[in-house]
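First up is the structure itself, then whatever we jot down about it.
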Amino acid sequence: MSYSLYPTVLYLQDGTLYRGFSFFKISSSFGEVVFNTGMTGYQEIFSDPSYAGQMVVFTYPELGNTGLNKCDNESNFIHVKALIARNISSFSSSWRSCISLRDYIITKQIPHIFGLDTRSLTKHLRLFGVTNGVLLDAYDKSKINIFNVQSINNIDLVRKITSRTTYSIYNSVFNNLDNFNYNCINFKLSTSNIVSRKYKILVLDLGIKFNILRKLLLLGCNVFIVPATCNYSDILKYSPDGIVLSNGPGNPLLANYVIDTVKRLVKFSNIPIFGICMGHQILNIALGLQTYKLKFGHRGLNHPCGVNKYSEITSQNHGFAVNQNAFVNKNLLKIFSVKYFNLNDFTISSTFHKKLPILSVQYHPESSPGPHDSEYLFEVFIKLVNIVINEF
């Protein structure tokens with residue numbers, strides 16, 4: 001492959017310009033510019049559907065040291081609009097690496113820029129908030145008015161990336177795994193972690209990550225994945241023991257069809273529901289709360305969440321949050337419990353319903369990439385499913 005470098009520029013909507021380089025000539029690419037503070041996990045970030053429509057600034061200065069492998073993708077597609085880095089390594093060193101990041105970027109023609117001051121860019125986003133941006137070749141003379149491009153806040157990204165069909169995955173997929181595959185899925189299987197009954201869990205795909213499915217399978221569940229557009233009646237046809245609302249991209253208010261479906265599930269089904277990230281926001285909107293857009297979001301692997309003297313370190317990736325002002329309503333306080341807060345800015349991190357088998361978290365208990373402090377929540381959910389089944 002060629003080792004040529006091409007001058008590239010990143011224009012922000014406020015007129016700020018950053019200059020850098022790319023491995024091939026960039027045609028114009030538009031997206032919302034956000035930053036992620038994780039030191040690892042770039043492969044998972046590329047393939048995370050929650051980043052659809054976004055250009056990701058990696059605050060860690062060196063990207064690509066460990067290359068890419070066949071096991072760490074969180075979906076079958078690249079969802080980021082562009083990657084923005086201080087430096088991209090041309091070589092990789094890891095026993096799991098199959099291709100260097102540089103070669104992968106060129107092969108997949110991923111829009112990118114490196115060599116710019118990512119610290120300055122990150123501080124700019126923290127000060128003024130996330131913004132739209134356009135990436136293009138430095139010698140491109142075309143006039144691109146990014147003020148006239150539609151903001152991703154007005155695009156229903158969930159409908160764009162959700163599965164087009166229903167599919168299922170059964171616990172039996174683990175029966176013939178060898179030791180290498182155990183390493184690939186980041187688990188050590190043990191019979192103590194697998195419940196005797198194989199519960200049927202339906203996952204509403206708002207932009208699901210593979211690791212959520214892995215966690216459910218590890219706990220002995222048979223998993224059915226349905227599109228976000230699946231309605232209440234179709235969901236009930238599966239007779240699920242529990243429902244998971246997955247992570248996903250964009251503004252949750254635009255997915256009003258999902259909100260309507262969840263409202264009916266909450267009101268009529270009595271099926272345990274577990275919301276994760278976007279699923280957390282959708283679930284809380286359906287229950288009468290509101291969401292709002294954060295100034296620069298939470299994207300990283302070291303966000304502390306907890307209450308009083310207890311904290312879990314969590315992986316987060318979201319630009320919206322549940323508005324805690326709603327909890328001044330005494331009627332809501334009678335049915336809701338706010339379990340944890342983000343200890344950086346005290347936004348709501350998790351809610352539990354006091355009367356219904358419903359819980360949700362703003363962070364990622366499947367944590368890929370990230371710490372495993374909160375992965376126990378999948379076991380909590382399955383235990384909740386077991387309680388509901390045994391009582392009714």
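Coordinate-derived values only; no laboratory data. Quick caveat: nothing in here was measured; it's all calculated off a predicted structure. Every residue, glycine among them, receives a Cβ derived from its backbone with ideal geometry; neighbour counts consider all protein chains shown.
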task = Under a cut-off of 17 Å between alpha-carbon atoms, report the aspartates and glutamates in cross-link reach of residue 293, not counting same-chain residues fewer than 8 places apart.
result = 32, 156, 345
ask   = Which FRET efficiency, nearest 0.05, do residue 126 and residue 40 yield, Cβ-Cβ r, R0 30 Å?
value = 0.90
ask   = Could you put 229, 166, 122, 107 in order, starting from the residue whose Cβ has the fewest other Cβ atoms within 10 Å?
value = 107, 166, 229, 122
ask   = In the stretch 158-391, if every C-alpha pair distance is counted and binned at 10 Å from zero, what percent goes to each bin?
value = 8, 34, 38, 18, 2, 0
note = With Cα springs under 10 Å, the Gaussian network model of the chain assigns the largest mean-square fluctuation among 168, 350, 100 to 168
request  = Over the alpha-carbon set of the stretch 6-155, work out the extent along each principal axis and list the three values in angstrom, largest first.
outcome  = 45, 31, 26
query = List the lysines whose alpha-carbon lies under 18 Å from that of residue 209, not counting same-chain residues fewer than 8 positions away?
reply = 70, 81, 160
Highest-fluctuation residue, 17, 125, 377 considered, GNM on the chain with Cα pairs under 10 Å = 17
query = Given a cut-off of under 8 Å on Cα pairs at least six residues apart, what relative contact order in percent is computed for the chain?
reply = 14 percent
key: Spin-label zone in the stretch 26-44 - amide nitrogen under 11 Å from a point set 7 Å from the Cα of residue 302 along the C-beta vector   = 37-40
task = Using amide H atoms built 1.01 Å from N in the peptide plane, name the residues 5+ places from residue 275, or on other chains, whose amide H lies under 5 Å from its own.
result = 245, 359, 360, 361
query = Using the beta-carbon distance between residue 155 and residue 197 and R0 = 45 Å, what value does 1/(1 + (r/R0)^6) give for FRET efficiency, to the nearest 0.05?
reply = 0.65
key: Where Rh is the Kirkwood radius over Cα pairs, Rg/Rh for the chain   = 0.97
remark   = Rounded to the nearest 0.05, FRET efficiency between residue 380 and residue 96 (Cβ-Cβ, R0 25 Å) equals 0.20
query = If the cut-off is 18 Å between C-alpha atoms, which aspartates and glutamates fall inside it for residue 263, apart from same-chain ones fewer than 8 positions away?
reply = 205, 234, 241
